[in-house]
Amino acid sequence: MLEELTIKDFALIDNATVEFGKGFTVLSGETGAGKSLLIGALSFLLGGKAGVEQIRSGQDEAVVSGMFCLEESELRTSDSEDEIETACDWLNQHGIPFEDNRILLRRYVRSNGKTGAWIGSVPVTRADLASFCSFLVDIHGQHEHQSLMKVTEHRKFLDSFAGLNERVKSYTEDYLSLVDKRKRLDELNADDRDKAQKIDLLTFAVKEIEEAKLKSGEDKELEEEEIKLSSYEKLFSDVNAVNSLFDGDGNGIISAMKKIRGLASSLSSTDKKLEGLAGRFENLFYELSDVSDEFRNYEHSLVFDPERLASVQERNTLLYNLKKKYASSVNASIDEVIKFHDDARNRLNTLNDSSKDRDVLEKEIAALEKSVYTKAREISAERKSASQRMAAGVEAVLGELGMKGTRFSVSIVEKPGTAVEQKCGPYGMDDIEFLISANPGSPLQSLAKIASGGELSRVMLALKTILSASDSIGTLVFDEIDTGIGGEVAVSVGLHLKNLAKNRQVLCITHLASIAVYADNQIKIQKGVSGEQTSTKVFKIAGQERVSEIARMLSGDAQSEQSLNHAKIMLEKFSGGI
């Protein structure tokens, strides 16, 4: 409920603070006084249009703030952490605190075009402000927040009237779960197409590497062997030359050293000082002889084997190709290929296990499809049954509100689909729209095509009347609801507004006294001129001031005794006194 509205430098309103009470509040004033400015300021506060033209002439900033008291229905918290059903849910999910069940809203627009908004002490975007305020206030008339103009809202009205909100919520949860599982299955199927290619590639790789029977480090060994085998002629020639130098035809190094050895031995026996040199040469002779023997043995072991060379070269080519496919480079170790094989085998095992997940998912989807379709059918049947009662109820109320002969219908059309693809959406299988024929003989048309703001407001009043038991929005605002009506119809409109206000706050702009006298509270909007400045004043009236205002609304004369007496009689009759 709106408790207080403060307006500063908004359009013609220089500074005004208005307190609002419970029940039915009427906003009245002479034509041109700016009654709609108050609703415009409220609409601005709720997240509506903001422009520099809304700033009072000569000022740099327009500011509107409002204190709202959260009623019991708005304080109720949803069981779901994700579902936002009340104003309290919204605040909790956005981490905005409030005290004593009250929340202050504030919004400004500056001459440079900059705007800002707060919910409590937290700055918010316009979108967030509008989102939160949609739980608090619904404005009907030629302003924003006209929920009747949005066909998507019609389904909500019908479900609320039919008492289907909880069932639709349960259905939506199943539907969203089904959508999620279908998406996951599509991803799995797409993966399967991809997976088949991966399995083929991995299977081939594993088989190819296994058939090669690789051994760690064998690539280095084979490279060395190939070098040796392919260099046989040079190796034999070089080692043969070495052996010739060592002992070639009795003139080699070994023969010479034998002679030196004999001489050294003879010298050491003659001069003991040479024994050390002779011993050192002796060791050198034996070492060099051993080296000569090794070279001779190596020469005898050399065998030219073209078949082994071909085999080694073939094996090296195989390893090269495997490295090219499965290692980081052809110069990498063969161990990388062996590691690739082990990883590929593990990936194959994982891919083969995913088919089990798909089987489980397909069974879950089949069960959910059956549940969703069954629930959608049941909800659709309930809607069709309730739509008849709703249409009859709205037509009856419209008849009392000066729209006798108006036909109202709820169009329920099954969503398109096939036997393969279910005809279901997030809220069921129905496309729902309100249709109306305001003139006898005229065809039913979309409610959104109604040109008159007064007619639209009365349709909303009729809907709010029959939905009053289930609607949770705490404040309803009606603008131009009295357009084109008078007499008994106006009295009936006033009575309906008063009854509607028993369970919520109702604000209504009117120029008809027969509506205003039903109000629990009355606010007057009055234009005045001070110097060269025109301004609009907003203030609450009661007692004799209200009698005078009703008198003015009755006859245009707020002073004549006849008008004043008539006003008193009406107030006593419809409001229980002045």
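The values are calculated or read from the model by the stated rules, or taken from the named source; none is laboratory data. Predicted model only: the values in this text are computed from it and were never measured. Methodologically, a virtual Cβ is constructed for each residue, glycine included, from the backbone with ideal geometry; neighbour enumeration extends over all protein chains shown. Surface accessibility is based on the protein's heavy atoms, side chains included, excluding ligands, DNA and RNA. Shrake-Rupley method; radii C 1.70, N 1.55, O 1.52, S 1.80 Å.
Computed over protein heavy atoms with a 1.4 Å probe, the carbon and sulfur contribution to the accessible area of the chain reaches 50%. Secondary structure note: in the chain, about 75% of the DSSP beta bridges are antiparallel.
Remark: the chain carries a charge dipole of roughly 2260 debye about the Cα centre, counting +1 on each Lys and Arg Cβ and -1 on each Asp and Glu Cβ. Over all orientations, the chain has a Cα convex hull whose mean projected area works out to 54.1 square nanometres. Averaging the sequence gap over all C-alpha pairs within less than 8 Å and six or more residues apart, then dividing by the number of residues, gives the stretch 479-571 a relative contact order of 21 percent.
The packing ranking of peptides 59-69, 540-550, highest mean first, is 59-69, 540-550, where packing means the average number of other beta carbon atoms within 10 angstrom of each residue. With the cut-off at under 19 Å, measuring from each backbone N in the stretch 166-205 to a point 7 Å along the Cα-to-Cβ line of A367 picks out 170-186. Two-decimal Rg/Rh of the stretch 487-578 from alpha-carbon positions, Kirkwood Rh? My calculation of the ratio gives 1.01. For the stretch 295-326, the residues whose amide N sits under 19 Å from a probe point set 7 Å from the Cα of E208 along the beta carbon direction are 314-326. Projecting the Cα atoms of L245, H140, L164 onto the charge dipole of the chain, computed from C-beta unit charges around the Cα centre, puts H140 farthest toward the positive end.
With the gyration tensor restricted to C-alpha atoms of the stretch 380-446, the semi-axes of the equivalent ellipsoid amount to 29, 13, 7 Å, longest first. Say the dipole of the chain comes from +1 at the beta carbon of Lys and Arg and -1 at that of Asp and Glu; which of N565, G116, I550 then lies farthest toward its positive end? Result: N565.
For an R0 of 51 angstrom, estimate the FRET efficiency from the Cβ-Cβ distance between D60 and K22 and round to the nearest 0.05.
0.90
Using Cβ point charges alone (K and R +1, D and E -1), the dipole size of the stretch 119-240 about the Cα centre works out to roughly 1180 debye.
With protein chains left intact and a 1.4 Å probe, residues in the chain average 53 Å² of accessible area per residue.
From the helices alone, meaning DSSP H stretches of at least four residues, give me the mean residue ellipticity at 222 nm for the chain, per-run term -39500 (n - 2.57), in deg cm²/dmol to the nearest 500.
Estimated from H runs of four or more residues: -18500 deg cm²/dmol.
The value of relative contact order for the stretch 244-288, using C-alpha pairs under 8 Å at least six residues apart, is 30 percent. Scattering from the stretch 434-545 was approximated by placing one identical point on each alpha carbon and applying the Debye formula without solvent; log10 I(q)/I(0) at 0.14, 0.18, 0.19, 0.23 1/Å stands at -0.69, -1.00, -1.07, -1.33.
With N counted as the residues of the stretch 1-76, its alpha-carbon radius of gyration over 2.2 N^0.38 Å works out to 1.19. Peptides 323-336, 30-43 ranked from most to least packed, by the mean per-residue count of other Cβ atoms within 10 Å: 30-43, 323-336. Straight-line reach from K35: taking Cα to Cα under 25 Å and skipping same-chain neighbours fewer than 8 places apart, the lysines in range are K8, K22, K49, K464, K498, K502, K524, K527, K537, K540, K568. Would you work out which of N101, V52, Q445 lies farthest towards the positive end of the dipole of the chain, given +1 charges on the beta-carbon of Lys and Arg and -1 on that of Asp and Glu, about the Cα centre? It is Q445, whose Cα lies furthest towards the positive end. Among 277-290, 172-185, the peptide with the highest mean count of other Cβ atoms within 10 Å heads the list, and the full ranking is 172-185, 277-290. Using C-alpha pairs below 8 Å separated by at least 6 residues, the relative contact order for the chain is 22 percent.
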